[in-house]
Amino acid sequence: MKASLCIDRHFTIGSVDKRIFGSFIEHLGRAVYGGIYDPGNPLSDERGFRKDVFELIRQIDVPVVRYPGGNFVSAYHWEDGVGPRSLRPKRLEPAWTAVESNEFGLNEFMDWTKAANTTPMMAVNLGTRGAEDAKNLLEYCNISGGTLYSDLRRSHGYQDPHNIRLWCLGNEMDGPWQMGHKTAGEYGRLAAETGRLMKMVDPDIELVACGSSNRNMSTFGYWEDQVLEQCYDQVDYLSLHTYYGNPQDNTPDFLACSADMDAFISSVISICDSVKARKRSKKQICLSFDEWNVWYHSKEQDKQLPRWVQCPPQLEDIYNFEDALLVGSMLITLLRHADRVKIACLAQLVNVIAPIMTDSTGAWAQTIFYPYMHASCLGRGTVLQTQIQSPCYESRYGDVPYLDAVTIENEEEETLTIFAVNKNLSEDIELTADFRQYEGYHVSRHIVMTHSDLKAVNTKKNPNEVIPADTGISSLENGILSSHLPSKSWNVIILKK
Ligand code: AHR
């Protein structure tokens, strides 16, 4: 099958905000306890942080990590997780029917972010709490001293403020499952007042308001409009969340889900801009796609787990090869919207619907780790408008091209990187693209990840079953790129001057 890409170096979408390669750690299952934090384990450092997990996180270069939830945050008392450990209470954790020990909290997370070479995206509880507690938390984190909460932090051994810049105003407040769920009108008002108060305390912070939990919510569209109507002036970003699955084992439809994500992003941009027009505002709201991934493998097994225990193995999806193809396509979709999507978090990072898995004796990379690592490490620069000419197939989301691709130019490194997924399950693609505007470039690498079995997985015993290799076939002759994209494959083609 033949396909082509058409780019022009002057037609750009926008520069990539590296925060679109963010991730997420929630107090849920074994994400924190036994995931990033495992005191007493020989694999952990003196603070209890797993060093083998750091090693994998460093390979991805995760720029931002959202914390502490997720659904968890909507009844969380951040005060439970600071100060002497012996005084921290064990709490019933209703969101995930577990028990939270509070051994790990805000200050440990901040220490962890430094060690992991990342930055925090902190969520406040707007479920069971509100503006007052958000203000206190911000004072604890960002004010240097001389007041109740800033001095409390100092008394906990943190003389310097944490200076957390990015804050989420609650989590999925449109969802009836959310503790303290609200109507659009109630939430919009609360987000506006909380945001106003938080920016009075620290005007340099950036705020994310909750959009819809997914595009199928009955309130989708109305929610975004009503929420922004009230808090447009206070917030900087609106959130989007989505998870896809393949429970019917229909791989073509599953791989087409990136088209749904694309339509979701475009719709939310339209709503943001219609509120902007109505308000005659000069300000532009950007998007924070702060939860996205494949999530369905673990749903049945989670129903069997015991309730009210500490860190049960919840949401431990074992990802297969086709999941990695969709994750690759979702990353391409985020990059194709780089002008408006400025933050995105693969949900989550360790053990819970995660690219990284651990047990007590080691950590390993799931299939989805690799497209995420490639996009984060090689996808920084300016996104070029990448027109795709490719045969299409019919899916539940309409006609979808077999080829999904995007091109990023990195002027500093003098590279052009093409990320491409061939969604055809039986035919290879012979790809051509005209790069004559770029003189003196050559093909530096063509990385391919493919496997004959769509359901192949990586395990602790066999962690290299699905891994990428520099085996791609590409050439650049007289400025024309020719690449061979195997059927069902994730490809990274790097051209270098
Ligand atoms: O990431 C898992 C959960 O999915 C989060 O806690 C919630 O925000 C979403 O529904």
Residue pairs within 7 Å by beta carbon, gap of at least six or interchain, first lying in the range 130-148 and within 15 Å of PRO161 (Cα to Cα), second assigned to a helix (DSSP H, G or I) and acidic (Asp, Glu), listed first then second, are GLY145/ASP151; THR147/GLU139
When every residue in the range 1-31 that is more than 13 Å from the ligand (Cβ to nearest atom) and aliphatic (A, V, I, L, M) is compared, the one nearest to the chain's Cα centre (by Cα) is ILE20
When every residue in the range 156-173 that is in a loop (DSSP other than H, G, I, E, B) and within 16 Å of the ligand (Cβ to nearest atom) is compared, the one nearest to GLY70 (Cα to Cα) is ASN171
When restricted to ASN142, ASN117, the only residue away from the ligand (no atom under 16 Å from the Cβ), within 26 Å of the chain's Cα centre (by Cα) and open to solvent by 30 Å² or more (accessible area, probe 1.4 Å) is ASN117
Of the residues in the range 4-36, those that are hydrophobic (A, V, I, L, M, F, W, C) and part of a loop (DSSP other than H, G, I, E, B) come to ILE7, PHE11, VAL16, ILE25, LEU28, ALA31, VAL32, ILE36
Inset, instruction - Confirm whether SER44 is surrounded by fewer than 15 Cβ atoms within 10 Å (Cβ to Cβ), away from the ligand (no atom under 16 Å from the Cβ) and small (Gly, Ala, Ser). - result: no
Checked pairs for the range 1-23, first free of Cβ contacts under 8 Å to residues at least 12 places away in the same chain, second open to solvent by 40 Å² or more (accessible area, probe 1.4 Å), C-beta under 9 Å and 6 or more apart or across chains, list as HIS10/GLN437
State whether one or more residues within the range 238-259 are of a type in the set (Ser, Thr, Tyr), at pLDDT 95 or above, touching a strand residue (DSSP E or B) at 6+ places or on another chain (Cβ under 7 Å) and surrounded by fewer than 18 Cβ atoms within 10 Å (Cβ to Cβ).
yes
Within the range 284-311, the residues that are within 12 Å of the ligand (Cβ to nearest atom) and aliphatic (A, V, I, L, M) are VAL294
- Task: Answer with yes or no whether ASP17 is surrounded by fewer than 22 Cβ atoms within 10 Å (Cβ to Cβ), acidic (Asp, Glu) and under 19 Å from ILE164 (Cα atoms).
- Result: yes
Result of the Cβ filter at 9 Å on the range 83-100, keeping first residues that are open to solvent by 50 Å² or more (accessible area, probe 1.4 Å) and charged (D, E, K, R) and partners that are within 12 Å of the ligand (Cβ to nearest atom) and in a loop (DSSP other than H, G, I, E, B), at least 6 apart or interchain, is ARG91/TYR76
The range 358-472: strands (runs of 3 or more DSSP E) wholly inside it with 3 or more residues that are aliphatic (A, V, I, L, M) are 403-410, 415-422, 429-434, 442-450
**Prompt:** Within the range 174-189, is there a residue that is surrounded by 21 or more Cβ atoms within 10 Å (Cβ to Cβ), within 16 Å of the ligand (Cβ to nearest atom) and closer than 18 Å to GLN230 by Cβ?
**Reply:** yes
Note: among CYS377, CYS392, just one is open to solvent by 20 Å² or more (accessible area, probe 1.4 Å), more than 16 Å from the ligand (Cβ to nearest atom) and without any contact (Cβ under 8 Å) to a residue 24 or more places away in the chain, namely CYS392
Just one listed residue, out of SER281, SER239, SER218, SER212, is touching a His at 6+ places or on another chain (Cβ under 9 Å) and either in the same structural domain as TRP177 (by TED's automatic domain parsing) or within 16 Å of the ligand (Cβ to nearest atom) (or both), and it is SER212
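The values are calculated or read from the model by the stated rules, or taken from the named source; none is laboratory data. Worth saying up front: this structure is predicted, and the values here are computed from it rather than measured. Here Cβ is always computed from backbone atoms with ideal geometry, including for glycine, and neighbour counts include all displayed protein chains. With ligands, DNA and RNA removed, areas are computed over all heavy atoms of the protein, side chains included. Shrake-Rupley method; radii C 1.70, N 1.55, O 1.52, S 1.80 Å.
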